[in-house]
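The next block holds one structure in the form of structure tokens; read it before the comments.
Throughout, read-outs are computed from the coordinates displayed, never taken from laboratory work. Source: prediction; values computed, not measured. Positions of Cβ are generated from backbone atoms using ideal geometry, with glycine treated the same way; all protein chains shown enter the neighbour counts.
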């Protein structure tokens, strides 16, 4: 069991493993979230029934698989219950669904990890969660920036740049889960100013977002 999962490391004979597609340390299977953390059902059977009734959405898409991988900063919507959650990291580096408003649940944040020109005026943007999208070649977005998507209208709302002063979450290394603002960028090393101290880490370990 990954250290980022918010479960006791002992006491479970069987744990549902997430389907392939996302790094296991950065996602949780839908069953674990719905039954063990949110407790919207007591048994596996109850959760499977809820999923079969199409009552659960992730990033605006209905899911039915108990092992569906719900990743860092993914949005979980339970419209019949009028409950919405975003998967975040606690200060101790544990993945956890945090309740948010319906308005916030309409936005999704994705970190750019790669850009590839595939057509004359189009680029493919690859994200940290394994997904990708096509955009105009002149889109002013760089690797490590964060794109904010409108899940309802399927469009890009804005780009949050990876630059000095930007708010970031540390998503890797021994300081995983801590937040702060970028203080200095020197090549691949970035200094993050938190409430208590300054932390140096590589860009790969940082996720830029709104505070």
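Numbers at a glance
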read-out: Highest-first arrangement of 75-85, 146-156, where packing means the average Cβ count within 10 Å; value: 75-85, 146-156
read-out: Principal axis box of the chain, alpha-carbon based, largest edge first, Å; value: 50, 43, 29
read-out: Gaussian network model of the chain, Cα within-10 Å springs - most flexible of 186, 99, 25; value: 186
read-out: Cα centroid of the range 118-142 to Cα centroid of the range 26-50, whole Å; value: 34 Å
read-out: Helix-only [θ]222 nm of the chain, DSSP H runs n ≥ 4, -39500 (n - 2.57) each, per residue, nearest 500; value: -1000 deg cm²/dmol
read-out: 10 Å binning of all Cα-Cα separations within the range 106-160, expressed as whole percents from 0 upward; value: 26, 59, 15, 0
read-out: Label-to-label distance, nm, for residues given as residue 153 and residue 42 (7 Å Cα→Cβ offset); value: 4.5 nm
read-out: Label-point separation in nm, residue 196 to residue 183, each point 7 Å along Cα→Cβ; value: 1.4 nm
